[in-house]
1. Taking the residues in the range 158-186 that are of a type outside the set (A, V, I, L, M) and farther than 26 Å from GLY133 by Cβ as candidates, determine which candidate is surrounded by the most Cβ atoms within 10 Å (Cβ to Cβ).
2. Among the residues of the range 57-86, what is the count of those that are touching a residue at least 24 places away in the same chain (Cβ under 8 Å), more than 23 Å from LYS26 (Cβ to Cβ) and among the hydroxyl-bearing types (Ser, Thr, Tyr)?
3. Please indicate, with yes or no, whether at least one residue in the range 25-42 is among the β-branched types (Val, Ile, Thr), at pLDDT 95 or above, assigned to a helix (DSSP H, G or I) and more than 15 Å from TRP140 (Cβ to Cβ).
4. Would you call PHE155 assigned to a helix (DSSP H, G or I), at pLDDT 95 or above and surrounded by 13 or more Cβ atoms within 10 Å (Cβ to Cβ)?
5. What pairs come out if I take residues in the range 166-177 that are under 16 Å from ASN65 (Cα atoms) and pair them with residues that are of a type in the set (Phe, Trp, Tyr) and assigned to a helix (DSSP H, G or I) whose C-beta lies under 6 Å away, six or more apart or interchain?
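The values are calculated or read from the model by the stated rules, or taken from the named source; none is laboratory data. All figures in this text were calculated on a predicted structure; none of them were measured in a lab. Note that we place each Cβ from the backbone using ideal geometry, even for glycine, and neighbour counts take in every protein chain shown.
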Amino acid sequence: MNLQTCFHTTRSEITVVSSENRVDEKASSIFLICLFYAVHMVEEFSFGFVEWANRYFGEFDWTQNLIGNFIFFVCVFSACYMYYRNQTAYLWAGMSAAMWILANSFIHISSTILGGEYSPGVVTATLVYIPGGIYFLVRWHRKRWLTWKNVVFSFFTGGMVFMLIPTFARSVHFDAQLAKLFHLVR
């Protein structure tokens, strides 16, 4: 066992976290993803995301937007918190949060380019999500934690399960603009 240990106190309980449980020394920086998400929501809410999403995702309204974003935020925050508490066991969770913001960027950017109209959220997706997601991937790569297995699993979990599959399935179901842009419906 490595001699470097730190003690973390919570609710009168002491847990010993060895340096073997730490992927990096700046684990709390993972919560930047939650900040990125909040900034992204400001752009979406301010510039008509609901109306845009109604066309691109199909039958979308403010209630769905608020509930969906609440669920997304809870999932992203939970993934970040799990990573923060035990980086080794929950590295996949932190990576999944990074993959989620990158997948969200893909939807905004591709919709803007292919649809020829502004997707509310594309600015923060481009200027905040992409650099933020890449920042974490580069950090993990430098620590040699970015293996193909980690990338594939975290992309599947964060990118596909939480973002791309539900978004495209919804747009196909409602015969919406996003499905048409990607030639998934006629």
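1. Applying the first criterion (of a type outside the set (A, V, I, L, M)) to the range 158-186 yields 158-159, 162, 166-168, 170-171, 173-175, 177, 180, 182-183, 186.
After this cut, where a residue has to be farther than 26 Å from GLY133 by Cβ as well, the list is 173-175, 180, 183, 186.
Details: HIS173: 13, PHE174: 18, ASP175: 12, LYS180: 16, HIS183: 7, ARG186: 6.
Ranking the qualifying residues of the range 158-186, first place goes to PHE174.
2. The qualifying residues number 0.
3. At the first step, the residues of the range 25-42 found to be among the β-branched types (Val, Ile, Thr) are 30, 33, 39, 42.
Still in the running and at pLDDT 95 or above: 30, 33, 39, 42.
Then keep just the ones that are assigned to a helix (DSSP H, G or I); that gives 30, 33, 39, 42.
Filter once more, so that each one left must be more than 15 Å from TRP140 (Cβ to Cβ): 39, 42.
Within the range 25-42, one or more residues are among the β-branched types (Val, Ile, Thr), at pLDDT 95 or above, assigned to a helix (DSSP H, G or I) and more than 15 Å from TRP140 (Cβ to Cβ).
4. It is true that PHE155 is assigned to a helix (DSSP H, G or I), at pLDDT 95 or above and surrounded by 13 or more Cβ atoms within 10 Å (Cβ to Cβ).
5. Cβ pairs passing all conditions: ARG170/PHE57; SER171/PHE57.
Residues are listed down the side, and each one gets a yes or a no for (1) touching a strand residue (DSSP E or B) at 6+ places or on another chain (Cβ under 8 Å); (2) surrounded by fewer than 24 Cβ atoms within 10 Å (Cβ to Cβ); (3) not in a loop (DSSP other than H, G, I, E, B):
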position: THR63; (1), (2), (3): no, yes, yes
position: THR88; (1), (2), (3): no, yes, no
position: ASN104; (1), (2), (3): no, no, yes
position: GLU117; (1), (2), (3): no, yes, no
position: VAL123; (1), (2), (3): no, yes, yes
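Yes/no matrix, rows are residues, columns are (1) surrounded by 15 or more Cβ atoms within 10 Å (Cβ to Cβ); (2) under 24 Å from PHE182 (Cβ atoms):
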site: HIS40; (1), (2): yes, yes
site: PHE47; (1), (2): yes, yes
site: ALA53; (1), (2): yes, yes
site: TYR56; (1), (2): yes, yes
site: PHE60; (1), (2): yes, yes
site: ILE67; (1), (2): no, no
site: SER78; (1), (2): no, no
site: TYR83; (1), (2): yes, no
